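In what follows, a single structure is set out as C-alpha cells and then discussed.
Values in this text are rule-based calculations from the coordinates and carry no lab data. Every value quoted in this text rests on a predicted model; they were computed, and no experiment measured them. In this analysis, Cβ positions are derived from the backbone assuming ideal geometry, glycine residues included, and neighbour counts consider all displayed protein chains.
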Amino acid sequence: MKNQTNEFSGESCRYVSAYLDSPHVDFLENEKIFDDYKPKNILDVGCGNGKGLYSLTEKFNCSGVGVEPSDEAVKLLINKYKNKKNLNYISASAHHLPFVTDSFDLVTVWSVLHWVGRNEYLQALGELIRVTNKYLIVMDFVSSENYRTAYHHKPGFYTYKMDFEQLILGSGIMKKTYSKQWLDTNQINDKYVPISYKDLTPFLKNKNNYSSRKMVIFEKNYEALPVYSEKDFNP
C-alpha cells in the first residue's frame, strides 16, 4: 500500500504556493471562548499559508510555530514572515512532531486530518494530544457517517472524512469544552452556515454531508478520569 502521508508532502508545497497570498478569515472570529485565557505560544500543525497562525498570534500577542511536511513550503513561509520575529516554521509531519510533551499552550490543526494516511492517523492524534499542555483545536470535514473520497489532485489517493472527536476523548486526558458544525461553501467571505445533525440526514443524496465541517476545542487534564483502587470494587 502506498504511504499516503509521505506522498502528500508534495501537496504541502503545491498548496502553500497556490494560497500563499490568499486572504484568511480568523477562525476564532467572534468566538468568546478564550476571553480568560491567553496562550504564550501556539503550534499550528499543517499551517498552510500561515495566515491562521499569524492571526492567532496577533490576537493573543504570543509566539507561534507552524508545521508543514514540505521543506520547500517551509522556505516559502519563512520568507513571507521573515519580519515576524515571533513566528517560526519547521518541516515535520503530524504523526511525528519534534517537540517535547506539553510544549504548547494551544495546538491547532485546521482542515488537515483528512489528508493523513490511515496508517499514521492514530499516531497523529496522539502527537497532537501529547504536545499541548492546555488546549487543542481540531477542525475538519465531518459528516453524519465516516467515508473516504478520491483525491482529485492525485489519482489513486483518498481523503478521509471522519469524526475525530470520540478518538480524542478516548485518550482519557482530554475533555470537550466547545464545538460547532457548519457548511463550507468555499467562499472565503461567507459567514458560517450552522447545521445540526438533522441537516445531515439522510446521508446519501445529501450534499451537506460533502461540505460539512466540525470544530471542537479540547482541554487537556491529566486528572480527567477518577482514580479507584481494588477495594472500591469489593462488595
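What to note about this one:
- Dipole axis of the chain (+1 Lys, Arg; -1 Asp, Glu on Cβ), positive-most option in Leu20, Asn3, Tyr81: Leu20
- Computed label-point distance, nm, for sites Lys207 and Ile173 using a 7 Å Cα→Cβ extension: 4.4
- Considering only Thr159, Ile137, Gly172, the residue lying farthest towards the positive end of the dipole of the chain is Thr159, judged by Cα position with unit charges set on Cβ.
- Computed about its Cα centre, the charge dipole of the stretch 155-235 is approximately 380 debye, with only Lys, Arg, Asp and Glu carrying charge at their Cβ.
- Selection from Leu183, Gly117, Ser55 lying farthest towards where the dipole of the chain points positive, charges on Cβ: Leu183
- GNM top mover of His153, His114, His96 - the chain, alpha-carbon springs below 10 Å: His153
- Distance from the stretch 156-170 to the stretch 42-112 (C-alpha centre basis), Å: 22
- Taking label points 7 Å from Cα along the Cα-to-Cβ direction, Ser91 and Tyr19 give a separation of 2.1 nm.
- Label-point gap, in nm, between Lys82 and Cys62 - each point 7 angstrom along Cα→Cβ: 2.8
- FRET efficiency, 1/(1 + (r/R0)^6) with R0 45 Å, evaluated for Val100 and Asn234 via beta carbons: 0.65
- Potential extension, Asn6-Lys134 segment - 0.36 nm per residue separation minus Cα distance: 43.2 nm
- Residues whose amide H lies under 5 Å from that of Ile42, counting only those 5 or more places away or on a different chain, are Ser63, Gly64, Val65; hydrogens are built 1.01 Å from N in the peptide plane.
- Value of relative contact order over the stretch 8-132, rounded to a whole percent, pairs C-alpha under 8 Å and six or more apart: 26
- Net charge dipole, the chain: roughly 380 debye, given to the nearest 20, about the Cα centre with Cβ charges of +1 for Lys and Arg and -1 for Asp and Glu.
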